[in-house]
Amino acid sequence: HVKKHGANGHIVYSPDLKATSLVHDEIESALLRALAEDTVEVYFQPIVAAGSGQLRTVEALVRVPGTDGRHLDAGTVIAVAEERNLLAELDARVLRRACAQVAAWRCEPGFERLGLSVNRSAIDIGTAGFHDRIVAALTGSGLSAEALTIEITETVLLDATSTAVADLRRLRASGVGLALDDFGTGYASLSYLTTLPITCIKIDRSFTSRMLTDPTCRALLRATVGIAADLELNCVVEGVETEAELAALPAYERLLIQGYLYGRPSRGDVSTLVRSPRPSG
Ligand code: C2E
Ligand code: MG
Ligand code: MG
Ligand code: MG
């Protein structure tokens, strides 16, 4: 990666900046076009209970078409949107769309308690009106606050006194859940547990994918589930792709699973989100 946040939050550039900025220009154009033509899509990935495999929540993931019509990498789109000041617009679009879809799905029999998880980066959470935008999206869609969880990715350190943290506390007070996304990869994962009213830990996929071959990763994953259990938090294990990985997870009644084993991000019917039957072996 070319752009990195160094000490003090300064941006550090490396020599391939020019090539990357050209690519980013193209992604910015694609993003601007998609916003103008309203072709930004939201895919949903199932998050299921570890014990029963039952669908509990869906995570909304943005999909933006590139010039060839295929979707651009979501992580890169978000990075470019942050860099080019388009993130607020993009995230607002995703949030509205996702709330409306899940509100509709909750009207279907069997899905009355379906939850929605949306991603927000700390850059956006720090901008003015964050709390009010979330509340407006909930009100506009009729989705109850308890149905929504905000996933926080640590791109900028939130200090305990910031308005961002105050906004997150207010949202939590009104019933919205707060998940720490990509847990274990940032610098502040553990300290966020003390400064924010977190309801869920999402263990990063890098631990899951190395769990079976790397005893350190497996120990860290199990210890993180232990932290969630001690704090009585929900805990999502991201990136579970195989039955072997599933079988190696520690038991915890509030453990949730997200990964290709149960379903890739997709659009369409809520009843088809969870893959069935599950592959064996
Ligand atoms: P994330 O929030 O950690 O989302 C999980 C990512 O892991 C998704 O990638 C998902 O497709 C992928 N994934 C899930 N299960 C598996 C698995 O079993 N194997 C593998 N290999 N991958 C799996 P995606 O959709 O490309 O999104 C990448 C990141 O972009 C997200 O990571 C999130 O940080 C960000 N993002 C996506 N949509 C939005 C959005 O609307 N707003 C914001 N601010 N960020 C978003
Ligand atoms: Mg996420
Ligand atoms: Mg994640
Ligand atoms: Mg991730």
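The values are calculated or read from the model by the stated rules, or taken from the named source; none is laboratory data. In this text, all values refer to a predicted model and were calculated from it rather than measured experimentally. With ideal geometry, Cβ positions are generated from the backbone for all residues, glycine too; neighbour counts draw on all protein chains shown. Remember, those area values only see protein heavy atoms, side chains included, never the ligands or the DNA or RNA. Shrake-Rupley method; radii C 1.70, N 1.55, O 1.52, S 1.80 Å.
Data overview
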{"item": "Relative contact order computed over the chain (Cα-Cα under 8 Å; 6+ residues apart), in percent", "result": "16"}
{"item": "Region 18-77 and region 162-218: distance between their alpha carbon centers, rounded to Å", "result": "22"}
{"item": "Alpha-carbon Debye profile of the chain, log10 I(q)/I(0) at 0.09 Å⁻¹", "result": "-0.43"}
{"item": "For residue 206, solvent-accessible area (1.4 Å; no DNA, RNA or ligand), Å²", "result": "40"}
{"item": "Accessible-area order (highest first, 1.4 angstrom probe) of the listed residues 274, 176", "result": "274, 176"}
{"item": "Loop-resident sites, region 71-178, for GluC sites (Glu not before Pro), counting at most 11 other Cβ within 10 Å (DSSP)", "result": "112"}
{"item": "Percent RCO, i.e. relative contact order, over region 217-256, from Cα pairs under 8 Å lying at least 6 residues apart", "result": "49"}
{"item": "Largest to smallest accessible area among 267, 254 [probe 1.4 Å]", "result": "267, 254"}
{"item": "For the chain, calculated [θ]222 nm from helices alone, where every DSSP H run of n ≥ 4 adds -39500 (n - 2.57)", "result": "-12000 deg cm²/dmol"}
